[in-house]
Amino acid sequence: MLVYRSTMDNELLRQHDGHVTHLTLNRPQKANALSASLVEALLNAVEYAWTDGTRLLIVDGNGNHFCAGFDFTGYLDAAEGDLVLRFIRIEHLLQQLYHAPFATLVLAHGRNFGAGSDLVCACSQRVAAPGTTFRMPGLQFGIVLGTRRLANRIGTDAAREVLATSRTFDADEALRLKFITRSAAQSEWPALIGAARTEAGLLTYPSTARLNEQTVADTRAADMAALVQSVSMPGLKERIRMFRANNP
């Protein structure tokens with residue numbers, strides 16, 4: 001087994017064992033919020049997995065929460081163009097996961113917010129511990145991120161309601177909505193990983209890639225265009241500031 005620490009601050013841990021790549025978000029002090037450097041590390045690791053024979057990609061997080069979404073630390077001091085680029089890179093990461101030519105398994109726990117919930121939605125096998133919660137409030141500050149992927153997972157009507165209300169939903173409802181594919185305690189996760197590892201070897205790599213290609217609609221260009229249009233509207237920082245003031 002090869003173990004890598006993918007950023008200067010060890011924000012992402014990567015293990016590669018046979019045909020399995022395991023990525024662990026490692027910013028527990030920030031609830032694994034997606035800093036610019038963590039997004040780049042994730043994107044590099046996912047894209048590398050497209051080339052190294054990976055058949056199963058696992059994503060989980062250290063600490064009390066899987067992922068708190070976009071890291072807003074210092075956003076008021078950032079140029080709006082830099083914030084726009086960060087959202088674009090997150091969308092690119094989500095697309096690379098959603099259209100991956102191999103199985104993807106996410107293991108979520110704790111409170112998951114915004115792009116952290118989108119990270120769950122982008123994976124093909126989505127497991128959450130009981131008590132896990134999700135919220136996707138991006139439209140409250142005008143960000144169109146992952147909307148079509150969510151609608152493909154849970155249906156148009158359910159996606160409209162979840163996004164329009166920006167409400168929190170728990171693992172039980174997530175399972176009913178098919179936002180997740182299974183609810184399982186963290187003590188059960190090693191067995192689930194073992195089963196996923198076996199399942200990932202049942203088809204050849206080309207067959208798995210063709211299966212994913214035929215069962216996942218390719219709307220990448222439209223999804224990116226929708227995001228870019230939404231984040232390019234003037235006043236992005238002010239919209240974020242107002243949202244955060246109303247959601248302490």
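Here, each number is a calculation from the coordinates, and none is a lab measurement. Quick caveat, the model's predicted, so the values are computed rather than measured. Cβ sites come from the backbone with ideal geometry, for glycine too, and all protein chains shown count toward neighbours.
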Among the residues of segment 208-227, count how many are assigned to a helix (DSSP H, G or I), exposed (fewer than 13 other Cβ atoms within 10 Å of the Cβ) and of a type in the set (D, E, K, R). 1
Just to be sure before I move on: is L42 within 18 Å of Q15 (Cα to Cα) and either part of a loop (DSSP other than H, G, I, E, B) or of a type in the set (A, V, I, L, M, F, W, C) (or both) in the structure I sent? yes
How many of the residues making up segment 23-48 are closer than 13 Å to F102 by Cα and within 16 Å of the chain's Cα centre (by Cα)? 2
Name the single residue, out of those in segment 178-199 being among the hydroxyl-bearing types (S, T, Y) and outside any helix (DSSP H, G or I), that is nearest to G155 (Cα to Cα). T181
Among the residues of segment 165-172, is any outside any strand (DSSP E or B) and in contact with a Gly (Cβ under 8 Å, 6 or more places away or on another chain)? yes
Those residues of segment 158-169 which are within 26 Å of Q96 (Cα to Cα) and either of a type in the set (D, E, K, R) or touching an Asp or Glu at 6+ places or on another chain (Cβ under 6 Å) (or both), in sequence order: R160
Residues satisfying the stated conditions in segment 11-45, i.e. of a type in the set (D, E, K, R) and in contact with an Asp or Glu (Cβ under 9 Å, 6 or more places away or on another chain): R27, K30
Only one of these conditions is not met by F134: (1) without any contact (Cβ under 8 Å) to a residue 40 or more places away in the chain; (2) farther than 24 Å from R210 by Cα. Which number is it? (1)
Report, ordered by the first and then the second residue, all pairs with beta carbons closer than 8 Å, sequence separation of six or more or different chains, a first member in segment 186-203 that is on the phi < 0 side of the Ramachandran plot, and a second member that is surrounded by 14 or more Cβ atoms within 10 Å (Cβ to Cβ) and part of a helix (DSSP H, G or I). A200/T208
Of all residues in segment 47-83 being among the small types (G, A, S) and outside any loop (DSSP other than H, G, I, E, B), the one that is surrounded by the fewest Cβ atoms within 10 Å (Cβ to Cβ): G81
Single match in L202, L175 (criterion: in a loop (DSSP other than H, G, I, E, B) and not basic (K, R)): L202
